[in-house]
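In what follows, a single structure is set out as structure tokens and then discussed.
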Amino acid sequence: MAVTGVNEYASAYAASNSTGTQKSSELNRTTQDYLSELKQKYPDVNITVADFSNLEQRKAYMFSCSGSNNIAISSNIIEKMASDPETAAKYEKVIAEVPGLGENLKKKLKLQAENKLPVVL
């Protein structure tokens, strides 16, 4: 069975990457340092800074990510996290939960497959 749409989304993401997402080099120094610390603190999570301007860019990002535990954070949120400890704590709590969510989903899908149950997420 062929999977359709993935290449189109990946191509759309690649084409829009220069205008639709923000590269970490465009962030101020404080935010870049914070992002580096965040990536070290959560090595099991692939953290990307991205500003999507439309649904197609978001879909393209999702389909172009490999593996699991991928999270995209908008530049205005990461900048606020870098300068506001309360905001950082709020979002870091979510980031810390990402690997567990992926594992729980894998376990649920495996159990459903073993028992030949319908997939309900």
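The values are calculated or read from the model by the stated rules, or taken from the named source; none is laboratory data. Predicted, not measured: the structure shown is a model, and the values here were computed from it. Please note: Cβ atoms are built from the backbone with ideal geometry, for glycine as well, and neighbour counts cover all protein chains shown.
Within the bounds of segment 79-86, is there any residue that is modelled with pLDDT of 90 or more, among the aliphatic types (A, V, I, L, M) and assigned to a helix (DSSP H, G or I)? First the steps, then the outcome.
Quick first cut of segment 79-86, residues modelled with pLDDT of 90 or more only: 79-86.
With among the aliphatic types (A, V, I, L, M) added as a condition, the list becomes 81-82.
Adding the requirement that they be assigned to a helix (DSSP H, G or I) leaves 81-82.
Within segment 79-86, one or more residues are modelled with pLDDT of 90 or more, among the aliphatic types (A, V, I, L, M) and assigned to a helix (DSSP H, G or I).
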Inset, instruction - Specify which of the listed residues (Glu79, Glu114) is loosely packed, with under 12 Cβ neighbours inside 10 Å and either under 26 Å from Arg29 (Cβ atoms) or of a type outside the set (Gly, Ala, Ser) (or both). - result: Glu114
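If we keep just the residues of segment 57-76 that are part of a helix (DSSP H, G or I), among the hydroxyl-bearing types (Ser, Thr, Tyr) and touching a helix residue (DSSP H, G or I) at 6+ places or on another chain (Cβ under 6 Å), which is surrounded by the most Cβ atoms within 10 Å (Cβ to Cβ)? Outline the logic, then answer.
Looking only at segment 57-76, we keep the residues that are part of a helix (DSSP H, G or I), and these are 57-64, 75-76.
Add one more test, that the residue is among the hydroxyl-bearing types (Ser, Thr, Tyr), and what stays is 61, 64, 75.
This time we only want the ones that are touching a helix residue (DSSP H, G or I) at 6+ places or on another chain (Cβ under 6 Å), so: 61, 64.
Details: Tyr61: 22, Ser64: 17.
Checked segment 57-76; the qualifying residue surrounded by the most Cβ atoms within 10 Å (Cβ to Cβ) is Tyr61.
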Legend entry - Qualifying positions in segment 17-56 - assigned to a helix (DSSP H, G or I), modelled with pLDDT of 90 or more and buried (at least 17 other Cβ atoms within 10 Å of the Cβ): Thr31, Tyr34, Leu35, Leu38
